[in-house]
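Visitor: I'd like to ask you about the structure that follows.
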Amino acid sequence: MYIMVFINVVSMIAMVAGILMHSGKGGGLSDMFGGGSGSGLGSAAAEGNLNKITFVIALIWIVSIVSLGFLLVK
C-alpha cells in the first residue's frame, strides 16, 4: 500500500507540472525556452510530446487512485 501511495503522490506532482507547462493563450513550452510566437519548428512536436506524456501520467494517477480504493476496502 505504501508503494501505491508513493506512486500516487509522484504522479500527482508530475501531472501538475505537466499541465502547467502546456500552452494557454501564449506559447507554453516553446515560449518558456525562448521560442518566438510559433516561430520554432520544434514547438509543435514539443507540445505533442507533452500532451502524450501528460496523458500517460494521468492514466498512472487514475490507476493508482483506483488501486488505493481497492486496497483500503476492508
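Visitor: Please enumerate the residues belonging to the stretch 46-66 that are at pLDDT 90 or above and more than 8 Å from the chain's Cα centre (by Cα). Steps first, please.
Guide: At the first step, the residues of the stretch 46-66 found to be at pLDDT 90 or above are 52-66.
Result: Lys52, Leu59, Ile60, Trp61, Ile62, Val63, Ser64, Ile65, Val66.
Visitor: Something else now. Under 7 Å by Cβ, and 6 or more places apart or on different chains, what pairs join a residue from the stretch 5-24 that is surrounded by 12 or more Cβ atoms within 10 Å (Cβ to Cβ) with one that is charged (D, E, K, R)?
Guide: Ser23/Glu47
Visitor: A follow-up question, please. Any idea which residue in the stretch 10-28 is farthest from Ile62 (Cα to Cα), counting only those that are modelled with pLDDT of 90 or more and among the aliphatic types (A, V, I, L, M)?
Guide: Only one residue fits best here, namely Ala17.
The values are calculated or read from the model by the stated rules, or taken from the named source; none is laboratory data. Note that the coordinates shown come from a computational prediction; the quantities given were computed from them, not determined experimentally. Don't worry about glycine lacking a Cβ; one is built from the backbone with ideal geometry, like all the others, and counts go over all protein chains shown.
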